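To start, the structure under review is shown below, and the notes come after it.
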Amino acid sequence: MQAMYLMVAAVLGMQQPIVPRTVAPALAHAQPALEALNALDALGALDALNALEGLNVLDALDALDAVGPWDSAPLQDEQDPTDSLWRGARRAFNRGDYASAGKLYADLARRYPDATRAGDALYWAAFALYKNDDLVRARSLLFTQQERYAKAATLRDGYALLARIQTALAKQGDSEAAAWLTKYAQPAQPAQPAQPAQPVSTRGCPDEDDEDDVRVAALNGLLQMDATNALPILKKVLAKRDGCSAGLRRKAVFIVSQKRGGETEDILLDVARNDPDSEVRQQAVFWLSQVGSDRAVTALDSILRSSTDPELQDKAIFALSQIHNARAAQILRDYATNERASDQAREKAIFWLGQQRSPENAAFLRGLYAKVTGEDLKEKVIFSLSQMGGADNGRWLMDIALNEREPVEMRKKALFWAGQTGGNLEQLVGLYDRMQDQEMKEQLIFVYSQRHEAAALDQLIRIAKTEQNKELRKKAIFWLGQSHDPRAAQVLLEIINP
């Protein structure tokens with residue numbers, strides 16, 4: 001009993017909640033929740049969203065106007081003659097006075113053309129003019145930067161800004177801007193033998209990242225301005241089959257996906273089936289989920305059944321889960337039962353079926369549990385049903401928890417998720433005395449500790465006071481120590497001072 005008192009005293013003295021190793025196995029059941037949160041990352045959805053990273057520079061800068069221009073040229077010594085102009089321009093930009101900022105940055109480049117900051121000043125002057133809708137002058141300054149300051153830190157950002165400006169001007173009927181977009185959108189021509197060799201990257205491909213970013217920006221602008229002319233150029237880009245153009249093709253898939261229509265669907269389907277690069281195919285499969293047509297569903301079904309690429313299968317499963325029609329859901333249900341498919345792929349199908357929360361999917365998953373044999377598959381079914389919620393699924397989870405013919409680990413998981421998803425507390429409280437297995441009682445104590453109702457605390461107090469099993473009492477006392485309820489503190493004091 002002295003050991004029990006010492007434990008209670010230690011619990012009362014805790015300043016921060018801790019998790020002892022004795023309850024770590026119970027907490028491990030929360031892992032599926034983390035898996036759910038990370039599901040999209042695992043599918044690479046963020047890669048798709050970042051496909052046009054070179055085009056997003058301006059959006060990021062727009063969002064940070066209140067903070068100030070994020071230039072790459074550091075503030076220099078006050079003896080530097082450009083310093084006062086740079087500081088003044090930055091202050092004007094910060095307060096949203098783009099006219100003054102543009103003038104000051106342009107003055108710096110004009111008066112000190114050989115200064116370190118001159119090239120970057122032209123970019124910031126153009127950006128300020130762009131913010132002020134003075135597009136023609138902004139374009140002129142960017143052309144000057146490209147001609148005179150090839151080593152400027154902002155040169156790459158300048159191309160992205162120029163593409164945005166040219167797109168805006170082309171929409172206004174500027175023929176020079178339209179010609180620029182068409183020119184820079186064209187796929188790069190193979191180098192002729194007489195030309196000097198281009199720099200080679202570590203992967204053996206020409207170092208054309210900057211050119212690709214300009215080309216993608218131009219393609220995006222051309223698509224916004226004139227989709228009829230842009231789509232044939234995009235098809236030329238996607239027709240390339242060399243490994244060095246794979247990055248450009250991935251970005252082109254993203255651009256194509258932003259235009260809805262039958263031709264877009266044809267292009268994505270062709271890439272998904274025929275591009276030699278796995279990541280390019282994955283991008284096309286991902287964006288097919290946004291098309292959602294019968295043809296897209298048929299193609300995704302074919303990819304899922306015939307592909308030997310696990311990552312491509314994952315993308316197809318995700319894409320089908322995003323198409324909310326009966327046929328797509330049935331394909332996922334069929335795949336979840338396919339014993340020839342890998343357990344990992346089946347688990348993902350089960351997960352996404354659980355996210356759709358339809359009565360058909362719920363009934364299917366409850367029936368599937370008895371048919372699968374692998375513990376991981378069974379666990380995914382339990383988790384997916386817990387995420388659907390609903391009285392039927394809650395009762396099913398409790399049935400699994402009570403079924404002594406089920407493996408104890410599955411019973412514990414079902415009990416955990418029943419408690420986490422709002423299972424009937426009165427029923428959960430009544431289970432404690434009916435349970436004979438100590439592991440299940442430990443799990444119930446943990447479930448009570450995670451509920452905020454008074455009845456859950458009452459049950460912990462009862463166990464702490466009356467339970468004959470010392471280990472179970474200790475667990476109840478520990479979790480009482482994590483409670484901020486004054487009643488818990490009082491009970492702990494009573495145990496110390498009977």
If you go through Asp242, Asp212, the only one that is farther than 28 Å from Val297 by Cα and in contact with a Leu (Cβ under 6 Å, 6 or more places away or on another chain) is Asp212
How do the helices (runs of 4 or more DSSP H) wholly within segment 312-391 filter down when requiring 2 or more residues that are out of contact with any helix residue (DSSP H, G or I) (no Cβ under 6 Å at 6 or more places or on another chain) and farther than 19 Å from Glu409 by Cβ: which remain? 326-336, 343-356, 359-369
Quick one: what pairs do we get from segment 136-162, first residue touching a residue at least 12 places away in the same chain (Cβ under 8 Å) and among the charged types (D, E, K, R), second assigned to a loop (DSSP other than H, G, I, E, B) and open to solvent by 40 Å² or more (accessible area, probe 1.4 Å), C-beta under 9 Å, 6+ apart or different chains? Arg148/Pro113
Within segment 250-293, which residues are over 17 Å from Glu311 (Cβ atoms) and charged (D, E, K, R)? Lys251, Lys259, Arg260, Glu263, Glu265, Asp266, Asp270
Among (1) surrounded by fewer than 22 Cβ atoms within 10 Å (Cβ to Cβ); (2) part of a helix (DSSP H, G or I); (3) of a type in the set (Lys, Arg), there is one condition Arg260 misses while meeting the rest; what is its number? (2)
Mind listing just one residue for me: the one in segment 316-334 that is open to solvent by 20 Å² or more (accessible area, probe 1.4 Å) and either within 22 Å of the chain's Cα centre (by Cα) or small (Gly, Ala, Ser) (or both) and, of those, modelled with the lowest pLDDT? His324
For segment 258-294, give me each residue that is over 23 Å from Asn220 (Cβ atoms) and either among the hydroxyl-bearing types (Ser, Thr, Tyr) or in contact with a Gly (Cβ under 9 Å, 6 or more places away or on another chain) (or both). Pro276, Ser278, Ser293
Regarding segment 104-116, can at least one residue be identified that is within 23 Å of Gln224 (Cβ to Cβ) and either in a loop (DSSP other than H, G, I, E, B) or open to solvent by 10 Å² or more (accessible area, probe 1.4 Å) (or both)? no
Considering Leu460, Leu431, Leu444, Leu425, which residue is touching a Phe, Trp or Tyr at 6+ places or on another chain (Cβ under 9 Å) and either at positive phi or modelled with pLDDT under 85 (or both)? Leu425
Would you mention how many residues in segment 368-420 are of a type in the set (Gly, Ala, Ser), over 26 Å from the mean Cα position of the chain (by Cα) and farther than 21 Å from Asp334 by Cα? 7
Filtering segment 444-454 for residues that are open to solvent by 50 Å² or more (accessible area, probe 1.4 Å) and either in a loop (DSSP other than H, G, I, E, B) or among the acidic types (Asp, Glu) (or both) leaves a count of 2
Of everything in segment 392-406, what is open to solvent by less than 60 Å² (accessible area, probe 1.4 Å) and outside any helix (DSSP H, G or I)? Give them in sequence order. Asn403, Glu406
Qualifying positions in segment 411-443 - assigned to a helix (DSSP H, G or I) and open to solvent by 60 Å² or more (accessible area, probe 1.4 Å): Gln420, Glu426, Gln427, Asp433, Arg434, Gln438, Glu439
Quick check on my filter: what residues within segment 363-376 are at pLDDT below 95 and of a type in the set (A, V, I, L, M, F, W, C)? Ala370, Val372
Please state which of the following conditions Ala121 fails to meet, knowing it meets all the rest: (1) modelled with pLDDT under 95; (2) buried (at least 16 other Cβ atoms within 10 Å of the Cβ). (1)
Being open to solvent by less than 50 Å² (accessible area, probe 1.4 Å) and either part of a helix (DSSP H, G or I) or over 18 Å from Gln330 (Cβ atoms) (or both) is the filter here, so list the residues in segment 292-301 that pass it. Ala296, Val297, Ala299, Leu300, Asp301
Tally, over segment 124-143, of residues that are over 36 Å from the mean Cα position of the chain (by Cα) and surrounded by fewer than 19 Cβ atoms within 10 Å (Cβ to Cβ): 5
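The values are calculated or read from the model by the stated rules, or taken from the named source; none is laboratory data. In this text the structure is predicted, and so the values were computed from the model without any measurement. Positions of Cβ are generated from backbone atoms using ideal geometry, with glycine treated the same way; all protein chains shown enter the neighbour counts. Just the protein is used for accessible areas: all its heavy atoms, side chains included, with ligands, DNA and RNA removed. Shrake-Rupley method; radii C 1.70, N 1.55, O 1.52, S 1.80 Å.
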